[in-house]
Amino acid sequence: MALDPTGKRIFKVVGTRPPRPDGIDKVTGRALYGADVSAPGMLVGRILRSPHPHATIVAIDTSAALALAGVKAVVTAADFAPQTDPTLRDIQDNCMARGTVLYDGHAVAAVAATTAAIARAALKLIKVTYAPLPHVTDVDAAMRADAPVVQAGRALESVPAGMPDNVTHRCEFGHGDLDAAFGGADLIVARSFTTAATHQGYIEPHACLASMTGDGKGDLWCCTQGQFNVRTICAALLGIEASQLRVTASEIGGGFGGKTNVFIEPVALALARKSGRPVKIVMARDEVFRATGPTVSSSIDVKIGMTKSGRITAAEADLRYSGGAFPCLTIEMGAQAAFAAYDLAAVRTIGWNVLTNRPKEAAYRAPGAPQAIYAVESVIDEACQKLGLDPLEVRLINAAKKGTKSSYGPTFDDIGLLATLNAAKAHPHYRAPLGPHQGRGLSAGFWFNFGGNTCVSLNVNTDGTVGVTEGNPDIGGSRAAISQMAAEELGIPYAQVRTMIADTASLGYNDVTDGSRVTFAVGLATIKAAQDATRKMCARAARIWGIDPEAVEWVDGAAVPAGPNAGKFPPLTLAEIAAVSFQTGGPIAGHHEFNADGAGVSFGVHLCDVEVDPETGATKVLRYTVFQDAGRAVHPAYVEGQMQGGAVQGIGWALNEEYIYGPDGRLQNAGFLDYRVPVASDLPMIEAVILEIPNPGHPYGVRGVGETPIVPPLAAVSNAVSRAIGVRMNRLPMSPPRVLAALGAKG
Amino acid sequence: MKTIHVATTVNGDAVEFICAPEESLLDVLRNRLGLTGAKEGCGSGDCGACSITLDGRLVCSCLVLAAEAEGAEIGTIEGLAIGDALHPLQQAFIDHAALQCGICTPGILVAAKALLERNPDPTDTEIRYWLAGNLCRCTGYDKIIRAVQDAAKKMRAA
Amino acid sequence: MVTVTIWGNLRAYTDGRATLEVEAASFKQLLDRLALDYPGLRPQIARGVSLALDGRIYREAWFTPIKPDSEVVLMPYMAGG
C-alpha cells in the first residue's frame with residue numbers, strides 16, 4: 001500500500017470517532033490506576049519530608065521508628081549507593097535528600113509498616129536534626145550576587161565567569177543585526193513579565209506498588225508516562241540490572257509531563273528490598289504539590305520593533321527561568337520557542353537557568369514555551385494597540401511559513417500557522433461584538449513535537465482479530481488512535497483490533513509518552529508493523545496459490561494477485577489466512593522498532609473573550625476558540641479533547657494558578673482549595689477547530705497535538721483582560737486582587 | 001486499637017466491615033471492600049473524585065467517617081451499571097469522548113446521576129454549577145457537559 | 001564539506017562564527033569532527049545535540065546522511081512533556 005502523506009488518500013477508519021477500547025472500564029470504575037492494586041503481605045510506605053526550604057541534615061535517628069511494632073523497614077539516603085552521573089545523582093538526591101534539604105517538602109526518610117496509621121506514627125518518631133540555611137525562592141533574587149547559594153559548582157560551561165553560583169546555564173539563539181533592525185522600527189515596545197510556577201494538577205496523586213526479592217529481581221506497578229524510563233532510573237538508583245526490574249504501567253490519572261520522572265518509586269523499591277515485602281506508596285495531595293515537579297517560574301524581558309504597517313523588524317528577549325533546586329535545561333526550549341511563529345530578519349533570545357529553593361521542575365505540556373510566548377505575544381499585542389493595527393492582521397503579516405528561517409535556526413517545511421490564522425480571521429468569533437468591560441485577546445503558539453524510540457508488535461490471531469502491543473501509557477485516548485491506524489493499514493474493521501500497553505519485560509524500549517509523540521511515532525511504528533504483517537500474509541497466500549510472493553499484494557484487508565498475469569485467485573482475507581496460519585508456517589506477526597524522527601511542529605491560534613468585573617477584579621471567560629494544525633486527525637474527538645484540555649489548563653495558568661511561597665520559604669497553597677484550577681462553572685464551551693496540513697514525515701500526515709494547546713492561552717487571556725480593563729497586564733496569574741490593583745493604579 | 005463494626009448497604013447489597021474510628025468511608029470502600037472506583041484525589045473534599053451518594057445525598061466520601069455508614073444506603077460508581085447494561089450517562093460519556101484519563105469520571109458520573117435525579121432537564125449552567133465540585137484536568141469540561149445533556153435527553157424520553 | 005549553523009552561546013567556542021565548514025557525511029561524523037576541531041563544544045555535544053537537516057529535526061540519529069548542499073542546523077537535545 002503506497003504511503004501518501006499528501007492528503008489524497010481516502011481513509012476509511014482514520015478520521016472517524018469510534019469508541020475507545022478502555023471506555024467501559026473507565027466509566028464503570030473497573031480500570032486499575034496506580035493506587036488501585038494491593039498484594040499479599042503488602043506494607044504501607046510513607047515519606048518524611050523537610051519542613052525547611054534549605055537546611056543541612058545534621059543527623060537522622062531512626063531507632064525509635066524502627067522499634068515501633070509494625071514497622072518493617074526505614075530508609076534514608078544512606079540506603080542508596082551514590083551516583084556518578086550528575087543527572088541520575090540529581091534524581092536520586094531529589095527522591096531522598098543526601099546531606100542537605102533543598103526545598104520545603106524534600107524527602108528525608110521513609111518507612112514501611114503494616115498499616116497506614118503505624119506508618120504515620122513511625123514518621124513522627126524519626127528524629128531529624130536540621131541546621132537551617134538561608135533560602136531564596138524568587139528567580140531574580142536568586143540571580144543576585146548576594147543571594148543564598150542553593151547549590152555551588154553546578155554551572156555549565158555556558159555561564160560566563162563571575163556569575164553568581166545559582167546561575168547554572170546561559171543559552172542564546174537567533175540571527176541578524178538587531179541594532180540595525182531596531183533602527184528601522186517606527187515603534188519599539190519593551191516590557192518585563194513574571195510568571196509563577198504552576199503544577200500539572202493531575203487528579204491522580206503518584207502511587208506505586210513495589211516488590212523486590214533478595215536476589216535483585218523487582219516488580220513495580222506505578223502510574224507513569226513511561227515505564228521504560230522508570231525501569232532505567234530505578235535500576236540505576238537501586239544498583240540492579242534493568243532487565244531484572246519489570247515495570248508495569250497502570251492506567252494513569254493524568255500526567256501532562258509531570259509523570260515522566262520518578263519521585264516515590266525508588267523509595268518504594270528500597271523499602272521493599274529492605275523489608276522483604278511488597279510496599280505501596282501513595283502520595284497525599286499536599287505532597288504532590290510540595291514534592292513533585294512544578295513548572296519553572298520566570299522573569300522575562302521582551303523588546304520588539306514594529307513598522308507603522310505592522311511588520312516586526314527586530315525582536316529580542318532575555319528569559320530567566322528557575323527550575324527549582326536542581327539544574328534544569330527547560331530554558332533552552334523556551335528561548336527557542338519564544339519567537340518561533342514569526343519570520344524575522346533579526347532576532348535574539350538569551351536564556352538563563354537559576355537555582356531556587358523550590359521543588360525540581362518537571363515538564364508541563366510544552367515545557368518552557370508558555371512563559372516565553374506569553375511575554376512575546378503580549379508585547380506584540382501592545383504594539384498593535386499603540387499603532388492601531390488589527391492584531392490578527394499583524395500576525396498574518398509576520399507569520400512564519402514554508403521557507404522561513406525560524407528564530408531557532410532551521411528553515412520551516414510545510415507548517416500550518418497561516419492556515420490557523422486565516423481560520424481564526426474567517427471565524428465568526430473574531431467579529432462578534434463586545435460589550436462593556438469585555439475584551440478580546442488572541443495569541444499564536446507553537447511546539448516542536450518529537451518522535452523517539454518506539455517498538456510495536458502486531459499479532460494476527462487465528463480468529464482474524466489483531467493484537468497490537470505497544471509501550472506507551474494512554475494519557476489521551478491513544479489506544480483508539482493506534483487501533484484505527486492498524487485497522488486502516490490492514491484494511492480490517494476497527495472492532496477487530498485490540499491495542500494493549502506492555503510492561504517492560506514484554507516489549508522493547510519505548511520513550512516516555514511525551515513530546516506529543518504517541519499518535520505520531522507509535523502510529524508510524526504500527527503502520528510499519530502492519531505492513532510487515534501484510535507482507536508476511538501475502539507470502540502465505542502466495543504459497544497457498546503456488547505463485548511468486550512478488551505477485552501478491554494487499555488490498556482492502558485481503559491478499560490478491562497483483563495484476564492479471566499473476567493468476568486468477570479470489571482474495572484471501574486476513575481472517576482466512578490467519579485461520580490456516582499454523583499449517584502454513586506458524587503464527588503471523590509484524591513488528592517495528594526505531595527511533596522516529598520527522599515529527600512535524602504544531603501551530604495553534606487561540607481567541608479569547610473575557611468580561612472583567614470592575615468591582616471584584618474577577619475575570620469571566622465568555623468565549624474561547626482553539627484553532628490548531630493536527631496534520632491529520634486520526635480520532636477527531638481526541639484531538640479536540642487535547643485542544644480543549646490544554647486550553648483550559650492555560651486559562652487556569654493565566655487567571656488563578658500559582659505557587660505561593662511565604663518569606664519562610666514554605667509553599668502556602670499545597671491543595672486544590674487554594675491552588676485554584678478551573679472548575680466547570682468557570683468556563684464556556686471551548687470550540688475546537690482542527691486544521692489539517694499533513695506532516696510530510698508521517699504516512700498519514702499526523703502531527704503531534706497534545707502540547708501546543710497550553711501555549712497560546714496565557715497571552716490570549718492576558719491580552720483579552722488588558723484590552724477589557726485598558727491596562728496592560730504583565731504578571732501571571734491575573735487573579736482578582738491583581739486586576740483590581742491594576743485598575744486602581746490606572747485611576 | 002479500638003475498632004468499630006459497621007453494617008451498611010452498598011449498591012443495594014448488605015455489607016459489613018470493621019474499621020478504625022478515624023477511617024474515612026473512602027478508605028474503607030477502597031481498602032476493605034475492594035471498591036476502588038471512588039478515587040482519592042485530595043483527601044480534603046476539594047476535587048470530588050471520591051464522590052458517592054449517602055442515603056441519596058451526594059457527598060465526598062473522603063469527608064465521611066466510615067462509621068457514619070451504619071444503617072445507610074451507599075451508592076458508588078460500581079452501582080451505576082445493571083449487569084452489563086450501562087447507565088445512559090456512562091454510555092453518553094463513551095459516545096461523546098467525555099473522558100481522557102478517566103480518573104475523575106467515576107466521581108463525575110455519580111454526581112451527574114444525582115443531578116439528573118433531582119433535575120431531569122438542567123441547563124448547561126445548572127450542570128456546570130452542580131459539577132463545580134468535580135475537578136477534571138484533562139477535558140476542559142466541554143464534552144462532559146455535552147454528554148450529560150445527551151444522557152438527560154435520552155433519560156427523559158425513556 | 002557541509003555548512004553547519006550553530007546556536008548563539010556555542011559561538012564562543014568557534015571564534016564567534018555562527019556557521020562552520022565541516023568535513024562530514026553523517027550526523028555522527030559531524031559531531032565527531034566538531035568535537036575534534038572545537039574542544040569547547042565537547043561538553044554540549046556530550047550533553048546532547050539534535051540536528052535539523054533541511055528543516056527536519058533528528059534528535060540523535062548518528063547515521064543520518066548529510067549532503068553537501070543540505071541545510072544543517074545544530075539544536076540542543078529536545079525535551080517535552
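Derivation of every value follows stated rules applied to the coordinates shown; laboratory data play no part. What you are looking at is a predicted structure, and each value in this text was computed from that prediction instead of being measured. Please note: Cβ atoms are built from the backbone with ideal geometry, for glycine as well, and neighbour counts cover all protein chains shown.
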For C:72-78, mean number of other protein chain Cβ atoms within 10 Å: 5
Within the stretch B:1-99, GluC sites (Glu not before Pro) in DSSP loop having at most 12 other beta-carbon neighbours inside 10 Å: B:GLU22, B:GLU70
Sites matching trypsin sites (Lys or Arg not before Pro) across chain C that sit in DSSP coil, with at most 15 neighbouring C-beta atoms within 10 Å: C:ARG17
Sorted peptide list for B:136-149, A:709-722, A:493-506, A:311-324, criterion being average Cβ within 10 angstrom, highest first: A:709-722, B:136-149, A:311-324, A:493-506
For chain A, cysteines whose Cβ has no other cysteine Cβ within reach (under 4.7 Å): A:CYS95, A:CYS171, A:CYS223, A:CYS234, A:CYS328, A:CYS384, A:CYS455, A:CYS538, A:CYS608
Within-11-Å neighbourhood charge of A:PRO164 [Cβ basis; K, R +1; D, E -1]: -1
Loop-resident sites, chain C, for GluC sites (Glu not before Pro), counting at most 13 other Cβ within 10 Å (DSSP): C:GLU23
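Shielding by partners for B:38-45, please: the mean number of other protein chain Cβ atoms within 10 Å of each residue's Cβ.
6
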Net charge of Cβ neighbours under 9 Å - reference A:THR292; Lys, Arg +1; Asp, Glu -1: +2
Taking the convex hull of Cα positions in the protein assembly as shown, its mean projected area over all directions (nm²): 42.2
Chain B: proportion of alpha-carbon pairs further apart than 25 angstrom, %: 28
Chain C - Kirkwood radius from inverse mean 1/r over Cα pairs (Å): 12.5
Calculated P(r) of the stretch B:4-79 - Cα pairs past 17 Å, %: 32
Spin-label model distance (nm) - A:ALA432 vs A:PHE582, 7 Å beyond Cα toward Cβ: 6.2
Kirkwood Rh and Cα Rg combined as Rg/Rh, the stretch A:551-654: 1.32
Alpha-carbon centroid distance for the pair the stretch A:579-654 / the stretch A:35-63, whole angstrom: 37
In order through the stretch C:9-16: 3J(HN,Hα) via Karplus (6.51 cos²θ - 1.76 cosθ + 1.60), integer Hz, x for Gly, Pro: 6, 7, 5, 4, 9, 10, 6, x
Burial ranking of peptide ranges A:219-232, A:48-61 (average Cβ count within 10 Å, highest at the top): A:219-232, A:48-61
Given charges at Cβ of Lys, Arg, Asp, Glu: the stretch A:125-284 dipole, positive-most of A:GLY201, A:PHE263, A:ALA190: A:PHE263
Simple label model, 7 Å out from Cα along Cβ direction - C:ASP15 to B:ASP13, nm: 8.0
Over 24 Å between alpha carbons, listed pairs A:LYS308/A:LYS425; A:LYS259/A:LYS620; A:LYS124/A:LYS274; A:LYS360/B:LYS39; A:LYS26/B:LYS113; A:LYS72/A:LYS217: A:LYS259/A:LYS620; A:LYS360/B:LYS39
Inter-chain Cβ neighbour average for residues A:408-414, partner chain, 10 Å: 6
Burial order of peptide ranges B:117-128, A:31-42 (average beta-carbon count within 10 Å, highest first): A:31-42, B:117-128
DSSP-defined antiparallel bridges as percent of all bridges, chain A, nearest 5: 75
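Once you list every other residue whose beta carbon is under 14 Å from the beta carbon of C:ILE66, what net charge do they have if Lys and Arg are +1 and Asp and Glu are -1?
Residues near C:ILE66 contribute -3 overall.
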